[in-house]
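Inspection log for the structure reproduced underneath, given as structure tokens.
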Amino acid sequence: VIYNLFDEYCPESKVSSMARTTGYTATAAANMFLDGLFNEKGISPPELVGRYEACFNYFMKYLEERNVNYTRTSREIK
């Protein structure tokens, strides 16, 4: 599975693509912790948090609500 992202400056909100793709992801993580969806102790890099389907879906929905959209493609590996 491959996820691709293309994002640009948003003239309506005047928010840069960098802020949208990194800042919104950080606030999604903070909200996810506050909502009690993820509560493991210790250091948890994104790739470990994302292994939980509920957490992954939370991030994707949070970003989609802010018009940060990933495209998903899959292919068979031979």
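Mind sorting out which of (1) 16, 42, 33, 9, 0; (2) 17, 48, 33, 2; (3) 16, 46, 28, 9, 0 is the real P(r) over Cα pairs in 10 Å bins from 0, in percent computed from the coordinates?
Entry (3).
Could you give the distance between the Cα centres of segment 16-47 and segment 54-78, to the whole Å?
15
State, to one decimal in nm, how far the label point of Ser44 lies from the label point of Ser17, with both points 7 Å from Cα in the Cβ direction.
If labels sit at Ser44 and Ser17, their model points lie 3.0 nm apart.
Given +1 on the Cβ of Lys and Arg, -1 on the Cβ of Asp and Glu, and no further charges, what dipole in debye does the chain carry about its Cα centre, rounded to the nearest 20?
160
Taking the Cα centre as origin and putting +1 on Lys and Arg beta-carbons and -1 on Asp and Glu beta-carbons, what dipole magnitude results for segment 1-46, to the nearest 20 debye?
Dipole about the Cα centre, nearest 20: 120 debye.
Where does the charge balance sit around Asn69 when Lys and Arg score +1, Asp and Glu -1, over other residues with C-beta under 12 Å from its C-beta? Intermediate results must be reported in sequence, preceding the final value.
On the way: positive: Arg20, Lys61, Arg66, Arg72; negative: Asp7, Glu8, Glu64, Glu65.
Counting the neighbours of Asn69, the net charge comes to 0.
Name the lysines eligible as straight-distance cross-link partners of Lys61: C-alpha to C-alpha under 23 Å, and not fewer than 8 places from it in the same chain.
Excluding near neighbours in sequence, the set is Lys14.
By the scheme Lys and Arg +1, Asp and Glu -1, what is the net charge of all other residues having a beta-carbon under 12 Å from that of Cys55?
So the surrounding residues net to -2.
Laboratory data are not the source of any read-out in this text; all were calculated from the coordinates shown. From a predicted model like this one, the values you see are computed outputs, not experimental measurements. Here Cβ is always computed from backbone atoms with ideal geometry, including for glycine, and neighbour counts include all displayed protein chains.
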